[in-house]
Amino acid sequence: MENEIRIDEEKIEKFDIKIKSKPKDGVILQLHHTVRDSRGECRRIRFSSAVFDDGLEKLACADNAGNLFIIDFSDLKFWKLIHRGVISALHFVPNRVDALVVANSDTLNLNFIDIETGQTSLTLSGHTSQVKHISFSKNKLNNLLTASQAEAILWELKNYTKYFTLSTYLGSQIQQIMFTPSCDYLVACFQNDTVQIWRHDTMKSVKQIIPSGLKHIKNIAFTMNGRAMAMAGLVPCLILFNMDTWKALKSIDLTKYNIKGVHQIAFIPQLFDGGANKILAILSSDCILHLLDLESLKIKQSICPESSSIKKFVVSPTGKYFLCILQLGEVNIYNSSLVLESCKDIIVDSERKEPACSLTYAYRCIPQYPSAPNKLVVEQKMRACMDSARLRRILMQYGEYPDKFRSIIWKSLLNTPRNKTAYSTLVDKGIHQAYKNIEKQFTIHSSVTLKNLKRLLSCLAHWCPLFGVMKFLPGFVFPFVKVLQKDPLLLFECVATVLMNQCQLWFEYAPFPPISILAMIENVLAEHDQHLLDHYCQLGVTSQTYALKILETAFSEVLTCSEWLILWDHILSNEPSFILMSVVSYNIVQKNAVKRLKNLEQIENFFHMQNPIDMKLFLKKAYILLNDTCADVHPRKYFNSFVPLEKNNCYQQFTGYPKATICLKLAKMGRKKARSAERYTLKELTKKSQEKVMNERLNSLYNDSDHSDNIKEYYVRDKYFKKHRRKSNVHLQNKVENRNRVKEEFINNILYPPDAGLKFSKGDSKGSRRRETQRSRSKRKSPEKVHTLEKEVEKLMRSDSNSDESDC
């Protein structure tokens, strides 16, 4: 269906698009804009510029008529915005959702446009010629760099003013200018074949590069980690430059690839390359796009559309997509992975077509391949090459770690020691007393998960007695158990490392709430969204509701499983205070839903259920809070740096909690358990009282002279019957009758004790008769009571008979 949005009597319609899943040539989508003129003839409008936004999975394309097209790859929609003026350059705003900077070639202004509505929210003016280059800094300075051939202007986005202006003279006009990926430097190449580098924060010149073998420089490109720069021009030569040492790495002769000159270059990031991109896209002077592997120095693929030659190309920041703008004005959008996979297939086919591929040759080649390494060797090699900085760059490119390697990546990020001896010592201590009946508190259907949860909680409680007291701990560690339960040692060490680092100051006032942590969250929220905090205060909602509940469950109650994994990828890849920024970010992103709630109970329920959330916006806001919060309020002021577990035969002690308070708490719990062990249920107390009464009545019967003869006669006959089993049935029948008679008298004496020693007057005869009738009625009404009492009497009589036999 189509979504319609009305703005100023203009209608913006969103149309569906279809993307090819597995195209042969890698083209997943093709764009062309065709209109009919007044004569009814079709006329094609050429596209001139485009830009990707991988965070929102969107693409913006502009044509020569001033039309702006937005393509949403996540929702598979596209729509058109009418812009008054020809667009010379455009770029998405990093820290603002659905915001686009557009350079107008007619007015020479910069317009900030909302891509959903088409409205212009801000206009910057100051250039004297058409803007060709737009670049944003992603560090704390938060600046915007725009440049034409004549000048470059650095804008400060906090107050939207000019921060620095660079003017050029004739003959040294700007070819290209941009921020480095780390945003520490500005790099510009000029028409006089010089490359100038400035320090971003001071705008002081740091380095000037004049390559001797390279003339007519047209383009420069950086790897994602910012450590290497490539330079190329109309001469068939490519120079790789090291940004750390300010020296040239190597020079590549392009004539062996039939490349006579270069118009444009750009790196294509790949999965798990750590930002050191090895695929370089080169648009040659004959308008063919070549994908060069800088490691093997081989051309992986050459792209030359049949319909038209390539004018320019654009690569998305994460390398997921790239597009080619053709000379005829069409746009071909490619999926990078599909293009590179097709390259691998071509290489394999070429190897198979080589001669001398007989069976004997293949058989002889088999022993030459090395044997497959075992899992431990592979993990060690992966861990050696997966340093935390490289993993963070991968995470920033793709938003999450792959599920297949998540446990290995978490192990590398947390630097777990794999102390098998120390862990086995904790496991050998058995299930901790505090978690023996954990299944009564939580409904866990899987017995394996319950077993792993008990083991983990018991090991934590044996490691530190604090974790046997904290009631929220099972809910906090449960999602980790679901993810890492296949490796119990990794599970324990990951949770222990998280408790030591991400949970700093949580247990400062244990077992009471962490007041200092809640105060930090409230201060950050007050700085970035005071209106939301005022709303909480009006409803009487404290940080224990909107922050503590989220922390105690580690976000597992408010996020789905996949969302939880993505969030913890970012939490474990950043500094310990990132988890607090995530709590504030969740509240700010969900503020529209929160403001609709009218009382405290509704808000409490809101933070105990999974609510729909845009994870990209959620994480982006968390990074903004992490970078833009002032130093006086920032939690990193109070947090220590990351500390892993020690690689010894034992783990270091967990500190940072009041030991005296916890010891008193443990002693109190021990006393409660002792008291509960001494207590009896109502059923047990009733049984004991009945046994006591029956024993007393039985003793009184033995002492009574009226009944002693009968009882003695019964026991004598019973013994006689056991010694002489051949007596007649008459004696046996008399014995049974005597036993029944004694039993009935005994039961009547217990249920209705005689009123010995009491004398009634004649006036009380009626009352006594009433009591007798009531007794007779009670006999009729409670046959079950009599039946149970008969059983107890028989047990006592058997036990007494056995004791008498033993005495004999």
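Okay, here's what the table says:
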read-out: Label-to-label distance, nm, for residues given as SER307 and LYS80 (7 Å Cα→Cβ offset); value: 1.7
read-out: The stretch 434-549 - charge dipole about Cα centre, Lys and Arg +1 at Cβ, Asp and Glu -1, debye rounded to 20; value: 840
read-out: For the stretch 132-179, accessible area per residue (1.4 Å probe, heavy atoms of protein chains only), Å²; value: 48
read-out: Where a label projected 7 Å from the Cα of GLN544 along Cα→Cβ would reach, residues of the stretch 462-500 with amide N under 18 Å; value: 470-473
read-out: Anisotropy class of the stretch 97-220 from Cα gyration tensor, a/c 1.5 cut; value: prolate
read-out: Heavy-atom accessible area per residue - the stretch 422-550, 1.4 Å, Å²; value: 42
read-out: Two-decimal ratio, the stretch 194-239, of alpha-carbon radius of gyration to 2.2 N^0.38 Å; value: 1.26
read-out: Length-normalised contact order for the stretch 49-170 - Cα pairs under 8 Å, 6+ apart - percent; value: 13
read-out: Dipole magnitude of the stretch 74-229, debye to nearest 20 (Cβ charges: Lys/Arg +1, Asp/Glu -1, about Cα centre); value: 320
read-out: Among 258-265, 219-226, the order from most to least packed when residues are scored by Cβ within 10 Å on average; value: 219-226, 258-265
read-out: Debye, to nearest 20: dipole size of the stretch 529-603, +1 on Lys, Arg Cβ, -1 on Asp, Glu Cβ; value: 340
read-out: Apportionment of accessible area to carbon and sulfur, the stretch 258-326, percent (1.4 Å); value: 50
read-out: Net lengthening on full extension, SER285/THR107 (0.36 nm per residue, minus Cα-Cα); value: 60.9 nm
read-out: Segments 244-257, 389-402 sorted - mean Cβ within 10 Å per residue, highest first; value: 389-402, 244-257
read-out: Once the Cα gyration tensor of the stretch 388-487 is diagonalised, semi-axes √(5λ) in Å; value: 29, 17, 12
read-out: Extended-chain gain in nm, criterion 0.36 nm per residue less alpha-carbon gap, SER562 and LYS162; value: 139.7 nm
read-out: Solvent-accessible area, 1.4 Å probe, carbon plus sulfur percent, for the stretch 113-247; value: 48
read-out: Sequence-separation-based contact order of the stretch 490-595, relative, with Cα cut under 8 Å and 6+ spacing, percent; value: 30
read-out: Amide N of the stretch 572-587 lying under 16 Å from the label point, which is placed 7 angstrom from the Cα of ALA631 along Cα→Cβ; value: none
read-out: By average C-beta atoms within 10 angstrom, highest first, the peptides 435-447, 509-521; value: 509-521, 435-447
read-out: Percent accessible area from carbon and sulfur atoms, the stretch 526-655, protein chains only, probe 1.4 Å; value: 50
read-out: Distance (nanometres) between label positions extended 7 Å along Cα→Cβ at ILE515 and LYS598; value: 3.6
read-out: Accessible surface, per residue, of the stretch 583-641 when the full set of protein chains is kept, probe 1.4 Å, Å²; value: 52
read-out: THR655/SER172 FRET efficiency (R0 56 Å; Cβ-Cβ; nearest 0.05); value: 0.35
read-out: Approximate shape of the stretch 2-140 as ellipsoid semi-axes (Cα gyration tensor, √5λ), whole Å, largest first; value: 24, 20, 16
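The values are calculated or read from the model by the stated rules, or taken from the named source; none is laboratory data. Quick caveat, the model's predicted, so the values are computed rather than measured. When we count neighbours, we look across all protein chains shown, and the Cβ atoms used for this are built from the backbone with ideal geometry, even at glycine. Quick note on the areas: whole protein, heavy atoms, side chains included, nothing else; ligands and nucleic acids left out. Shrake-Rupley method; radii C 1.70, N 1.55, O 1.52, S 1.80 Å.
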